[in-house]
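What follows is one structure encoded as structure tokens, with my remarks underneath.
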Amino acid sequence: MSCENVQERISLLLDRKLPARERESMLAHIGACRACGTRFEMMQNQVAMVRGLDQPAIPPQLAARLSVLASHECERTLARASLLARLQCWAARVDLAFDNLMRPVALPFTGGVLSTLLIFTLLVPSLSFSHDIRGREFYTAPAGKMVTNPWDQVADADDDFPRIETPTTAPSDYYNVVDMKIDETGRVVDWSVVRGELTPDMKSIIMLGRFQPATEFGVPTQGTIRVVQSCASATVRG
Amino acid sequence: MATSILDLRSDRASEGAAADNLRLVEGLRTGAGWAYEELIALFQQPVYALAMRLLDDPAESSDVVQEVFLKVFRNIGNFHGKSTLRTWIYRITVNEAHNARRWFFRHRRREVELDSDPEEARNWKEIIPDNGRTPYDVVLDSEQRAAIEAALGRISPIFREAVVLRDITDLSYEEIAAVLAVSLGTVKSRILRGREALREELAGSLKPRPALRLMPETAEKMS
Ligand SMILES: [Zn+2]
């Protein structure tokens with residue numbers, strides 16, 4: 001084996017990717033040849049040093065966001081998995097909510113109950129039950145205009161700009177279609193991709209968009225909008 | 001001296017792990033809360049570490065990690081067990097990192113940053129114990145660490161990716177081939193060229209010295 005051959009294979013030797021016989025002759029050469037021996041030691045040290053680098057620890061905020069994401073997604077899967085599971089799951093929640101609501105409005109309890117409900121709603125927005133009574137007179141859909149526009153440009157200037165529609169419109173083949181759940185404060189709390197994919201623009205809407213919330217008897221409540229964007233405008237993603 | 005300490009790597013791919021994977025995947029599909037928590041607990045740290053080594057930016061890495069888990073949860077129905085769960089997850093991670101803007105810009109930025117104080121530049125990092133990831137723990141001083149990280153940042157992203165997956169994420173060549181969707185031969189060549197490039201980068205920056213302090217128990221096992 002020539003020195004060149006040996007040096008080309010040091011990486012494979014370190015990773016135990018050589019057949020036994022080749023490995024033996026490599027080791028024999030490395031033991032005898034000073035240049036290759038030095039090179040081998042250097043490479044071995046270098047690999048050990050790369051492996052010895054400390055792992056960057058996950059930031060606590062990210063960990064918190066991931067666990068919220070996990071619970072949202074778990075819920076979403078449950079909702080799709082089976083109607084039965086979904087009903088059981090929601091029945092339990094309704095019980096819990098009613099337990100809280102039906103407590104006597106005795107003063108010592110009120111504060112606790114209200115703050116519990118508030119925290120409950122803030123932390124797990126998708127757990128608050130949705131008032132799925134679209135189409136009735138006393139219910140208004142979320143207004144299809146954003147109070148805060150995440151872009152600097154004028155929406156009308158661009159055909160590829162995401163459009164906001166009601167979820168009843170049939171998804172077209174050439175569009176990415178994402179339904180977003182808008183809570184009573186007008187923020188996007190959950191979304192699902194109906195077809196295509198989540199485009200960067202849609203992500204901006206999820207993160208930055210603010211809507212006029214739907215109302216029920218004039219009181220702000222949850223509702224769903226459909227965001228549609230031409231596939232041509234989306235960045236191609238792996 | 002010819003015996004590689006790396007020969008002691010234990011093969012950890014066991015049937016037990018495969019069975020756990022199946023259980024986990026099934027749990028995710030049926031919407032079991034424990035499965036969602038367990039997947040996050042198992043993979044959030046390695047996925048974040050991989051993203052950080054590829055992008056070197058905490059904010060962008062955090063975005064990538066969230067996107068990865070969203071994709072994993074939403075596409076678990078498309079996971080058919082042709083690869084292992086972790087290979088699949090790392091594949092999504094690498095793809096998401098490729099989509100991140102910084103992947104393309106990092107190279108130049110890294111060179112600019114070299115002039116700044118390496119300790120200060122690494123404020124974000126809390127050192128966490130690396131629980132027995134490898135049987136050959138080494139203790140790096142801050143200068144070595146900074147030199148290696150800087151050198152990793154300077155080599156071509158394609159080679160860095162291969163080296164990081166091999167030596168930091170600790171994947172086998174076969175797993176790396178699956179993660180990068182390239183042939184085994186390409187993996188071998190990228191790791192080799194990545195390590196060679198790293199050696200050239202390090203040649204100027206690291207003074208020759210008895211650099212590594214191997215842990216005593218590791219040293220004993222070497223013979
Ligand atoms: Zn030689």
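So that you can scan it fast, the table gives a plain yes or no per residue for (1) more than 22 Å from B:Ala100 (Cα to Cα); (2) at pLDDT 70 or above:
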site: A:Ala157; (1), (2): yes, no
site: A:Val194; (1), (2): yes, yes
site: A:Thr199; (1), (2): no, yes
site: A:Pro220; (1), (2): yes, yes
site: A:Ala232; (1), (2): no, no
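Annotation note: Cβ proximity below 7 Å between a residue of the range A:1-25 that is within 15 Å of the ligand (Cβ to nearest atom) and a residue that is among the polar types (S, T, N, Q) and open to solvent by less than 30 Å² (accessible area, probe 1.4 Å) (sequence gap 6+ or interchain) occurs for A:Leu13/B:Ser4.
Of all residues in the range A:26-51, how many are within 18 Å of B:Leu198 (Cα to Cα) and either away from the ligand (no atom under 13 Å from the Cβ) or open to solvent by 60 Å² or more (accessible area, probe 1.4 Å) (or both)?
So the first thing to find is which residues in the range A:26-51 are within 18 Å of B:Leu198 (Cα to Cα), and the list is A:36, A:38-51.
In the following step, the residues that additionally are either away from the ligand (no atom under 13 Å from the Cβ) or open to solvent by 60 Å² or more (accessible area, probe 1.4 Å) (or both) were identified as A:38, A:41-51.
Matching residues across the range A:26-51 total 12.
Within the range B:41-52, can you find the residues that are at the interface with chain A (Cβ under 7 Å from one of its Cβ atoms) and open to solvent by 10 Å² or more (accessible area, probe 1.4 Å)?
Within the range B:41-52, the first condition is being at the interface with chain A (Cβ under 7 Å from one of its Cβ atoms), and the residues that meet it are B:44-45, B:48-49, B:52.
The answer is B:Gln44, B:Gln45.
Checking each residue in the range A:185-206 for being surrounded by fewer than 19 Cβ atoms within 10 Å (Cβ to Cβ) and within 17 Å of B:Lys71 (Cα to Cα) picks out A:Ser192, A:Val193, A:Val194, A:Arg195, A:Glu197, A:Pro200, A:Lys203, A:Ile206. The residues of the range B:138-194 that are open to solvent by 50 Å² or more (accessible area, probe 1.4 Å) and in contact with a Pro (Cβ under 9 Å, 6 or more places away or on another chain), listed by number, are B:Ser142, B:Glu143.
The values are calculated or read from the model by the stated rules, or taken from the named source; none is laboratory data. These numbers were taken from a predicted model, which means no experiment stands behind them. Virtual Cβ from ideal backbone geometry, glycine too; neighbours counted across all protein chains shown. Keep in mind that these areas ignore ligands, DNA and RNA; they rest on the heavy atoms of the full protein, side chains included. Shrake-Rupley method; radii C 1.70, N 1.55, O 1.52, S 1.80 Å.
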